[in-house]
Each structure stands twice: as structure tokens, then as C-alpha cells.
1. Given the criteria surrounded by fewer than 18 Cβ atoms within 10 Å (Cβ to Cβ) and in contact (Cβ under 8 Å) with a residue 24 or more places away in the chain, does residue 79 qualify?
2. Show the residue pairs meeting these rules: Cβ distance below 7 Å; 6+ apart or different chains; first residue within segment 53-67 and under 17 Å from residue 115 (Cβ atoms); second residue modelled with pLDDT of 90 or more and surrounded by fewer than 16 Cβ atoms within 10 Å (Cβ to Cβ).
3. Evaluate the following for residue 242: is it within 22 Å of the chain's Cα centre (by Cα) and either at pLDDT 90 or above or crowded, with 19+ Cβ neighbours inside 10 Å (or both)?
4. With a cut-off of at least 2 residues that are modelled with pLDDT of 90 or more and closer than 26 Å to residue 77 by Cα, name the helices (runs of 4 or more DSSP H) lying wholly within segment 142-217.
5. Could you list all residues from segment 61-89 that are within 17 Å of residue 210 (Cβ to Cβ) and outside any helix (DSSP H, G or I)?
6. What's the number of the only condition in (1) assigned to a strand (DSSP E or B); (2) farther than 20 Å from residue 29 by Cα that residue 118 fails to meet?
7. Quick check on my filter: what residues within segment 90-114 are assigned to a helix (DSSP H, G or I) and free of Cβ contacts under 8 Å to residues at least 24 places away in the same chain?
8. Could you tell me which residue of segment 125-164 is surrounded by the fewest Cβ atoms within 10 Å (Cβ to Cβ), considering only residues that are free of Cβ contacts under 8 Å to residues at least 60 places away in the same chain and in contact with a helix residue (DSSP H, G or I) (Cβ under 6 Å, 6 or more places away or on another chain)?
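The values are calculated or read from the model by the stated rules, or taken from the named source; none is laboratory data. Predicted model only: the values in this text are computed from it and were never measured. When we count neighbours, we look across all protein chains shown, and the Cβ atoms used for this are built from the backbone with ideal geometry, even at glycine.
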């Protein structure tokens, strides 16, 4: 049993991933644990931090510095949107999706002391930053040119797309989180503020759904077991229980 987690060692892809789960891991550890291999490549992330650190003495100019964070990160790190890209892909090659992109922005916003929320919706993840004078800003990581939204009417309009009261068809057009066909219903209305740690669990869920849609039930189960250990949300738990039941039924049939 992996120390500190209700997980069998067999669910891990390799010893590096298992090691990252040990000893009360930080969110960064859990983010890089997915498909972990060797040392974490942080050269481009460090370059972004170095650029921003030089400008951080002006971070009281909230909108200006938030713009620096958003655009410098895209300039030096987030290069190409590819669905189901991992956090490690973003660090190594610049390939990212809404989960890994939002994770990188969350780490940077933490570093510079901003009050922010990672917002999980049915099929997408984005960031809200709460600034001075009661203003709210959006970081939409998948839009490198227009993803820093600061006009307050535009912010409200953006949020309304994902609000539970809005017809779900609008959000489906922006689907980036993994989903199985049965999840596309009018009743899906997830809009939750989550931590970076929970975002790491959502990354595992996303990868599990990717394997599920490719017909790999064993890998689906392994990724869901880790997702549930980190972030036991309703959708993670329900899919985990469904896959576990399918596996149990398969074992029964095989034993006949």
C-alpha cells in the first residue's frame, strides 16, 4: 500500500510516479506525477518566473502585472493547444490544454500572491482572479491572444457561458475536459471552485476518460483510482465505481 494513500502500488505506471505520491506531496508533485519520467523539465517555466520576478516590484499595478503573467507565459512556455496534453507536456514541449495551462497559471498566481480561483465546469477549466476595486479578471489559457479578459462586462459574459442557469449546449461547444458520451446531458451543471491539488486529480480523471474512450479499461481504472485519492468529486467517484463494477463483472465471467 502506497504510504499515505489508499492505493495499491500496482496502480502506478512507474516508481517515479509512486514516489511523487509519497510524503504529503505538494500540488506541483501531483501535477507532474501523471506520466512521470525522470527529472521534471522546468527550464521554460523557470525562464517565465525569471522574467516575471524582474517585474514583480510593479505588481501593485494589478491589471498590468496580470497581463505580464498571462502573455509572458504564452510567449515562453505555452506554445500549442493539444487536447489531453499533460502538465509535463506543457513543461517539456509547450503542448497544453485547459487543465495543464490553468495549473501553470495557478502556480504563478500563487507565487505573486494573487487571490484567484480555479473554476471547474462540465467540460472546461479556467481561472478567475479577484483584484482591487472589486474587479474580477479571467485567464482563459486556451486563448493566447484574447484570453486575459479584464473588461467587466466581458468577464460577466464569459462566466455566464458556464453558469448553471445557461443552456448547456453553449458550454459543449467549448468542451475540453474528457467526457464519455453518457455525460452529455442537459442536467450537467458543474461550476466549482477547486484547489490546485484538486486540479491535479482532475488531470488524472481527464486521462482516465481518454483511456476509457480508447477502450483501455485497466488504465482507466488505474488513473481513476489516483484521481479519486486526490479529488473524490461526484463525477470522479461515479466513473470509478462504474469501471470497478465492470471489472468485477468481467472477472466473474472469466471465472465461469
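1. Values: surrounded by fewer than 18 Cβ atoms within 10 Å (Cβ to Cβ): yes; in contact (Cβ under 8 Å) with a residue 24 or more places away in the chain: no.
In short, no.
2. Partner pairs satisfying both residue conditions: 65/55.
3. It is false that residue 242 is within 22 Å of the chain's Cα centre (by Cα) and either at pLDDT 90 or above or crowded, with 19+ Cβ neighbours inside 10 Å (or both).
4. Working: elements: 152-162, 168-172, 196-213.
So the answer is 152-162, 196-213.
5. So in segment 61-89, the residues within 17 Å of residue 210 (Cβ to Cβ) come out as 81-89.
Residues satisfying the conditions are 81, 82, 83, 84, 85, 86.
6. Every condition holds for residue 118 apart from (2).
7. Result: 90, 93.
8. Only one residue fits best here, namely 161.
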